[in-house]
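The values are calculated or read from the model by the stated rules, or taken from the named source; none is laboratory data. Being a predicted model, the structure only gives us computed values, none of them experimental. Methodologically, a virtual Cβ is constructed for each residue, glycine included, from the backbone with ideal geometry; neighbour enumeration extends over all protein chains shown.
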Amino acid sequence: MARRVGYALIPLLLAGLAGARPPVIQDPGGKALSAFHKALKRTARGVDQTRILQFGASHTECDLFTGYLRRYLQSRFGDAGHGYLMPARPWKGYRHQDVRLDSSDGWVVDKALGNTSREDGLYGLGGFSCAAGSADEWAFFGTSTSSPFGRSASRFEVFFLEQPRGGGFEVLLDGQPYATVSTHASATGFGTFVGRMEDASHEIELRPLADGEVRLLGAVLERGAPGVVVDTLGIRGARAADLLDIDEALWGEQVRRRQPNLVVLAYGTNEAGDHHQSLDAYRRKLEAVLDRVKSAAPGAACVLIGPTDRPKKLRRNQWEPRERVEEVDEAQAQVSASFGCGFFSAFQAMGGPLSMVKWQKANLAQNDGVHLTTRGYELLAEHFAKGLLEGYE
């Protein structure tokens, strides 16, 4: 396996090492980020918004990496709002930075991996849906009251599944009745409701009317101002191939609705433990995912983020490298190049084999040898964000 030149992120960002370095984001064709940079220049002129969709596993789901990326770009190009969220919590601990979320406990969750009651592929943009039919259930989302980011919004959307037995739900804006929405339709499909209000702090609540199932696919909270939006679309334990279990037509409609300028696929850490799967099979599935991305967002730039280091734990405080991490990292680099996408090697950025151990000692990674700490995710996201802006000027 041909190894690419890497460099450790810890000394680079904390000690400020100088000298020639390889690009943060590999781009053999030199045009992977062109569409993204073009959109950013329009945003910088105050003309339009730039939207990023990041799909991934737990590194994405926690919204620490994407949350920092959102803040980093919004601080330079403007805060256009939070973007995608699920107002009904799909699992315990679901949270996003710079937005308030809460819901009752009776929502039924179905997703594109694991054991769920329905494996029909009719999931939201993030790969899951939340359903309820009782008037006792509710879902809430609102602007931040504690962060300098996400403090105002002038527009929201609710994504839902239209279906023959679909019920209605009431929308409350700032505690007052705003609209009643029906999800009933003669055929199953993608439905949306758009609300508009003054650009200020707001709270939105959704309440089923108990006349049929309301199956939520997500929501959006944004502003009408120029700036950047980063959609966090992650599921714990996910693989890139799990996106293939979402109904392609429904998923494609939602992607097009978001009009992304950049699509990021941040997978690989979980696949690094899938020793039962051949690398050829892994490449084929990753290529199938990118085919879907290109079909749904043909004008968007694309970047793949590879796995972080994931060593094997032998015994207390003793680890050994996991060869599969480098193999998945290399496979992603090859596939991304063949599709004209950029590639960010999180593994090499961390420092290569056993860098996770060094990050643990620096309080940048957790003891499980898989996840980072808040500061660790922020460092990696800062490095990635700077890579996205390489060549922008």
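List of remarks:
- Just one residue in the set 53, 69, 40 is in the same structural domain as residue 301 (by TED's automatic domain parsing), part of a helix (DSSP H, G or I) and within 16 Å of the chain's Cα centre (by Cα); that residue is 69.
- For the residues 256, 236, the requirement of being within 17 Å of residue 124 (Cβ to Cβ), assigned to a helix (DSSP H, G or I) and either of a type in the set (Gly, Ala, Ser) or touching a helix residue (DSSP H, G or I) at 6+ places or on another chain (Cβ under 9 Å) (or both) singles out 256.
- Meets criteria (outside any helix (DSSP H, G or I), in contact (Cβ under 8 Å) with a residue 12 or more places away in the chain, touching a Pro at 6+ places or on another chain (Cβ under 8 Å) and farther than 20 Å from residue 240 by Cα) for residue 106: no
- Count of residues meeting criterion [more than 15 Å from the chain's Cα centre (by Cα) and in a loop (DSSP other than H, G, I, E, B)] in the range 77-89: 5
Matching residues to (1) surrounded by 24 or more Cβ atoms within 10 Å (Cβ to Cβ); (2) not basic (Lys, Arg); (3) not assigned by TED's automatic domain parsing to the domain that holds residue 143:
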position: 211; (1), (2), (3): no, yes, no
position: 218; (1), (2), (3): yes, yes, no
position: 248; (1), (2), (3): no, yes, yes
position: 257; (1), (2), (3): no, no, yes
position: 263; (1), (2), (3): yes, yes, yes
position: 266; (1), (2), (3): yes, yes, yes
position: 271; (1), (2), (3): yes, yes, yes
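- Candidate set from the range 182-207 (those that are touching a Gly at 6+ places or on another chain (Cβ under 6 Å) and within 29 Å of residue 252 (Cβ to Cβ)); member that is surrounded by the most Cβ atoms within 10 Å (Cβ to Cβ): 183
- The residue that is surrounded by the fewest Cβ atoms within 10 Å (Cβ to Cβ), among those in the range 316-337 that are over 21 Å from residue 54 (Cβ atoms) and in contact (Cβ under 8 Å) with a residue 40 or more places away in the chain, is 334.
- Matching residues in the range 293-326 - criterion: being touching a helix residue (DSSP H, G or I) at 6+ places or on another chain (Cβ under 6 Å) and part of a helix (DSSP H, G or I): 296, 324, 325
- The range 291-315: number of residues that are closer than 20 Å to residue 39 by Cβ and surrounded by 14 or more Cβ atoms within 10 Å (Cβ to Cβ): 10
- Residue within the range 364-378 that is within 15 Å of residue 304 (Cα to Cα), at pLDDT 95 or above and either outside any helix (DSSP H, G or I) or not aromatic (Phe, Trp, Tyr) (or both) present: no
- Test result for residue 124, modelled with pLDDT of 95 or more, crowded, with 17+ Cβ neighbours inside 10 Å and within 21 Å of the chain's Cα centre (by Cα): yes
- Consider the range 359-370 and keep the residues that are touching a residue at least 60 places away in the same chain (Cβ under 8 Å) and crowded, with 18+ Cβ neighbours inside 10 Å. The one that is farthest from residue 60 (Cα to Cα) is 359.
- Restricting the first member to the range 345-357 and to residues that are assigned by TED's automatic domain parsing to the domain that holds residue 369 and of a type in the set (Phe, Trp, Tyr), and the second to residues that are part of a helix (DSSP H, G or I) and at pLDDT 95 or above, the beta-carbon pairs closer than 6 Å and six or more apart or on different chains are 347/325; 347/329.
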